[in-house]
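The structure appears right after this line, and notes come after that.
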Amino acid sequence: MNIMSSIIFNSEGLLPVIVQDFKSREILMFAYMNAESLQKTLETKKAHYYSRSRNKLWLKGETSGHYQNVKKISVDCDKDALLLEVEQIGGACHTGHKSCFYQSLDNQEKLVENQELIFNKNKVYGVQILQAVYDVIVDRKVNPKKDSYTNYLFNEGLDKILKKVGEESAEVIIGAKNRNTDEIIYEISDLLYHLMVLMVEQEVQWDDLFGELHKRYSQS
């Protein structure tokens with residue numbers, strides 16, 4: 001029997017998916033697939049999901065490099081849910097944690113973080129560093145830290161963030177006019193950081209920007 005014909009998708013054409021580390025058996029994340037993402041997962045052996053918030057298919061790890069190599073796919077008894085056993089490269093969670101389930105409820109029904117960020121800051125290269133920094137900014141918003149400059153910006157609000165983006169843009173211009181390579185590298189890095197704070201505040205992800213750049217590249 002064709003597995004695709006036996007799967008029962010919900011009224012929105014989606015299927016809930018539980019993702020588990022095939023070695024440690026740790027539950028990593030929960031997501032959804034549609035027929036296309038399931039087919040691509042079967043064909044490529046890399047996990048593809050369907051984003052309900054962005055209404056599009058996405059390859060796990062496409063921007064972060066944190067791919068999921070699929071080792072086994074199991075279907076539940078009602079054929080309306082999947083269990084993916086994967087080899088997880090890096091962290092499964094967009095916050096940088098290995099698992100999305102890194103918080104637990106204590107006896108006072110408060111969320112308690114019980115897992116450290118897993119990415120190694122000395123081994124993040126290329127485009128991955130953009131996602132890694134973005135993920136830390138997301139984590140600061142979700143789990144504020146005392147004396148964090150990122151949290152200071154979020155607490156001050158959009159106007160403060162926009163002001164800093166403007167200031168850092170001016171610093172980039174000054175660095176370029178000075179023709180000082182070290183200065184412009186430093187100032188562009190500052191600008192990128194503040195732009196990422198703005199991205200998180202506005203709920204814009206790197207995938208959104210890469211998609212827009214890809215459209216421009218393909219039309220050039």
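The values are calculated or read from the model by the stated rules, or taken from the named source; none is laboratory data. The structure displayed is predicted, hence computed values, not measured ones. Glycine also receives a Cβ, built like all others from the backbone with ideal geometry; neighbour counts cover every protein chain displayed.
Brief remarks follow.
- Boolean, E167 is more than 24 Å from the chain's Cα centre (by Cα), exposed (fewer than 14 other Cβ atoms within 10 Å of the Cβ) and at pLDDT below 90: no
- All told, Q205 meets the bar of being surrounded by 15 or more Cβ atoms within 10 Å (Cβ to Cβ) and polar (S, T, N, Q).
- Within the range 29-45, the residues that satisfy the criterion of being farther than 17 Å from T95 by Cα and either in a strand (DSSP E or B) or not β-branched (V, I, T) (or both) are Y32, M33, N34, A35, E36, S37, L38, Q39, K40, L42, E43, K45.
- With respect to the conditions (1) more than 16 Å from the chain's Cα centre (by Cα); (2) surrounded by 15 or more Cβ atoms within 10 Å (Cβ to Cβ), N178 lacks only one, and its number is (2).
- So I73, is it within 19 Å of the chain's Cα centre (by Cα) and either assigned to a strand (DSSP E or B) or surrounded by 14 or more Cβ atoms within 10 Å (Cβ to Cβ) (or both): no
- Some residue of the range 46-53 being of a type in the set (K, R), closer than 15 Å to L84 by Cα and part of a loop (DSSP other than H, G, I, E, B): no
- Of all residues in the range 3-35, those being exposed (fewer than 13 other Cβ atoms within 10 Å of the Cβ) and over 21 Å from the mean Cα position of the chain (by Cα) number 12.
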